[in-house]
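The values are calculated or read from the model by the stated rules, or taken from the named source; none is laboratory data. Quick caveat: nothing in here was measured; it's all calculated off a predicted structure. Side chains are part of the model used for accessible areas, which takes the heavy atoms of the whole protein and leaves out ligands, DNA and RNA. Shrake-Rupley method; radii C 1.70, N 1.55, O 1.52, S 1.80 Å.
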Amino acid sequence: MTPMHFSFSSAFLLGLMGLTFHRAHLLSALLCLEGMMLSLFIAVALWALQLESTGFSSTPMLLLAFSACEASTGLALLVATARTHGSDNLKNLNLLQC
């Protein structure tokens, strides 16, 4: 495994571990998801450059578009949660209530 592949894999796994083990606030969970998506974007973009194929050149842009949609949805949920519950603390949220 090259150092470049190791760095992208470790960045993705670090984001995944942060998402799994540190679930105190919604903002930290969203930042972990963004880190995972950015590491995937860079890895797929470099993979498309290494293959030198035109068929894979649109894949990183599609992934970036999905990442932007995910970020906007997450920020909308963060604002809605902060308005209704007063904070983004995930332990105070009760999903069974309306």
### Task
Evaluate the relative contact order of the stretch 12-98 (contact order divided by residue number), counting alpha-carbon pairs under 8 angstrom at least 6 apart; express in whole percent.
31
### Query
Per the Cauchy relation, a quarter of the hull surface: what is the mean projected area of the convex hull of the alpha carbons in the stretch 1-40, in nm²?
2.5
### Message
Can you give me the accessible area per residue for the chain, using a 1.4 Å probe, in Å²?
### Response
73
### Query
Using a probe of 1.4 angstrom, how much of the accessible area of the stretch 9-73 is carbon and sulfur, in percent?
78
### Shape of the chain, Cα gyration tensor, a/c cut at 1.5
oblate
